[in-house]
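Asker: Please see the structure below; I have some questions.
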Amino acid sequence: MTESETIVVERMDGPAAAQAEAEFRLVYAEVFAEEPYEETPDSVDASFRGFRSQVRRATFRGALARTIGGEPVGIAYGYPLSPSTGWWDRLTTPVSDELRREDGRRTFGLMELAVRAPWRRLGVARRLHEAVLAETTVERVLLNARPDVAAAQAAYRSWGYRKVGEAHPWDGADLHDVMVLDLRADG
């Protein structure tokens, strides 16, 4: 059995992810403490206050990767964007009304995708991505990615994401690439 085969990926709804918050937090805190993110304990606390409200959404989808022994190694989560989402308002250059149109079912917002360093380059991120999107009926996926994280950029592009703009996703955030993955052949 290879190392990647010893990793189990579990899909979760909001209540299940809420129960696994400590594992999501462990992965998040470790990965995003690294350069260039350099998150602090206070910023992790703030992120997980947001996580607690996100998991209460009926449409929340999460995925947690663990070793067979139960050690958390990766996370992914998000939810379909509502018609009133502010995501598109954060772009530095406006995009067309058609691109920014949301109806609560059109676009899955991938909020986080992270894998701890010892388990990178084993296909875990791809498996998490596939799990969180399994059985979805959305047309596309939207995410923000730092342009200075080459491995993440390369993975997203190899999976079919394309850059549609740049944004500061929250106040004080560095500039991120806004990327879209069309899930429909005609997209």
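The values are calculated or read from the model by the stated rules, or taken from the named source; none is laboratory data. Bear in mind that the values here come from a model prediction, so they are computed numbers and not experimental data. No Cβ is skipped: glycine too gets one built from the backbone with ideal geometry, and neighbour counts run over all protein chains shown. These accessible areas exclude ligands, DNA and RNA; they are computed on the full protein's heavy atoms, side chains included. Shrake-Rupley method; radii C 1.70, N 1.55, O 1.52, S 1.80 Å.
Asker: What is the diffusion coefficient of segment 70-124 in µm²/s, taking the Kirkwood radius over Cα pairs and the Stokes-Einstein relation at 4 °C with a viscosity of 1.567 mPa s?
Answerer: Translational D for this selection: 96 µm²/s.
Asker: Here is a follow-up. In deg cm²/dmol and to the nearest 500, what is the mean residue ellipticity at 222 nm of the chain if only DSSP H runs of at least 4 residues count, each as -39500 (n - 2.57), divided by the residue total?
Answerer: Rounded to the nearest 500, it is -8500 deg cm²/dmol.
Asker: Another one. Keeping every protein chain present and rolling a 1.4 Å probe, give me the accessible area per residue for the chain in Å². Working shown, then result.
Answerer: Numbers: 9570 Å² over 187 residues.
About 51 Å² of surface per residue is accessible.
Asker: Per residue of segment 160-177, what does 6.51 cos²θ - 1.76 cosθ + 1.60 with θ = phi - 60° give for ³J(HN,Hα)? Whole Hz please, x for Gly and Pro, Karplus curve as stated.
Answerer: x, 5, 10, 6, 10, x, 10, 8, 9, x, 8, 4, x, 6, 5, 5, 10, 7
Asker: Once the cut-off is 15 Å, how many percent of the Cα-Cα pairs in segment 1-103 end up in the long-distance tail?
Answerer: Tail fraction, whole percent: 69.
Asker: OK, next. Whenever you get a sec, compute what percent of the accessible area on the chain sits on carbon and sulfur atoms (1.4 Å probe).
Answerer: 49 percent
Asker: Taking the Cα centre of each part, how many Å lie between segment 143-187 and segment 54-117?
Answerer: Centre-to-centre distance over Cα atoms comes out at 12 Å.
Asker: Taking θ = phi - 60°, what integer Hz values does the Karplus form 6.51 cos²θ - 1.76 cosθ + 1.60 yield along segment 105-110, in sequence order, with x for Gly and Pro?
Answerer: Calculated HN-Hα couplings, in order: 10, 7, 10, 8, x, 7 Hz.
Asker: In whole percent, what relative contact order does segment 20-102 give with Cα contacts below 8 Å and a gap of six or more residues?
Answerer: Taking the mean separation of contacting Cα pairs over the length of segment 20-102, I get 23 percent.
Asker: Output needed for segment 138-187: three equivalent-ellipsoid semi-axes, defined as square roots of 5 times the C-alpha gyration tensor eigenvalues, in descending order, whole Å.
Answerer: Equivalent-ellipsoid dimensions as semi-axes: 21, 13, 7 Å.
Asker: Once the Cβ-Cβ distance between R101 and R56 is put in as r, and R0 is 25 Å, what FRET efficiency do you end up with, to the nearest 0.05?
Answerer: After rounding, the FRET efficiency stands at 0.50.
Asker: Suppose a student asked you for the relative contact order of segment 36-187, using Cα pairs under 8 Å spaced at least 6 residues apart; what percent would you report?
Answerer: Here the relative contact order equals 21 percent.
Asker: So, one more: Would you tally the net charge around V164, using a Cβ to Cβ cut-off of less than 15 Å, leaving V164 out, and scoring K and R as +1, D and E as -1?
Answerer: Summing Lys and Arg as +1 and Asp and Glu as -1 gives 0.
Asker: What dipole magnitude, in Debye to the nearest 20, does segment 43-187 give about its Cα centre under +1 on Lys/Arg Cβ and -1 on Asp/Glu Cβ? If you can, show how the numbers build up before the last one.
Answerer: Values: 22 positive and 18 negative charges, 102 e Å.
Dipole magnitude for segment 43-187 comes out near 480 debye.
Asker: Could you derive backbone 3J(HN,Hα) for segment 76-88 from the dihedral phi with the Karplus parameters 6.51, -1.76 and 1.60 (θ = phi - 60°), listing whole Hz in sequence and x where the residue is Gly or Pro?
Answerer: Values per residue, Gly and Pro as x: 8, 6, x, 6, x, 7, 7, x, 9, 4, x, 3, 5 Hz.
Asker: A further question follows. Taking the Kirkwood radius as the inverse of the mean 1/r across Cα pairs, report the Rg/Rh of segment 3-47.
Answerer: Rg/Rh for segment 3-47 comes to 1.06.
Asker: Something else: Run through segment 132-187 and list the trypsin sites (Lys or Arg not before Pro) located in a DSSP loop whose Cβ has at most 16 other Cβ atoms within 10 Å.
Answerer: Passing both the DSSP loop test and the Cβ count: R184.
Asker: Where does segment 93-183 land on the Kirkwood hydrodynamic radius, alpha-carbon pairs, in angstrom? Don't skip to the end; give the middle numbers.
Answerer: Working: mean 1/r = 0.0708 Å⁻¹.
About 14.1 Å for segment 93-183.
Asker: Okay, moving on. Based on Cβ point charges of +1 for Lys and Arg and -1 for Asp and Glu, what charge dipole magnitude is obtained for segment 85-166 about its Cα centre, in debye rounded to the nearest 20?
Answerer: Numbers: 15 positive and 11 negative charges, 91 e Å.
Using only the charged Cβ atoms, the result is roughly 440 debye.
Asker: How large are Rg and Dmax for the chain when only the alpha carbon atoms are used, in Å?
Answerer: 15.9, 49
Asker: Multiplying the sequence separation of E130 and A173 by 0.36 nm and subtracting their Cα-Cα distance, what value in nm do you get? Before the final figure, lay out the partial values.
Answerer: Values: separation 43, 0.36 × 43 = 15.48 nm, distance 2.74 nm.
Computed gain between E130 and A173 is 12.7 nm.
Asker: Please get the size of the charge dipole for segment 1-85, origin at its Cα centre, with Cβ charges of +1 on Lys and Arg and -1 on Asp and Glu, quoted in debye to the nearest 20. Please report the intermediate quantities before stating the final value.
Answerer: Details: 8 positive and 14 negative charges, 137 e Å.
Magnitude of the dipole: close to 660 debye.
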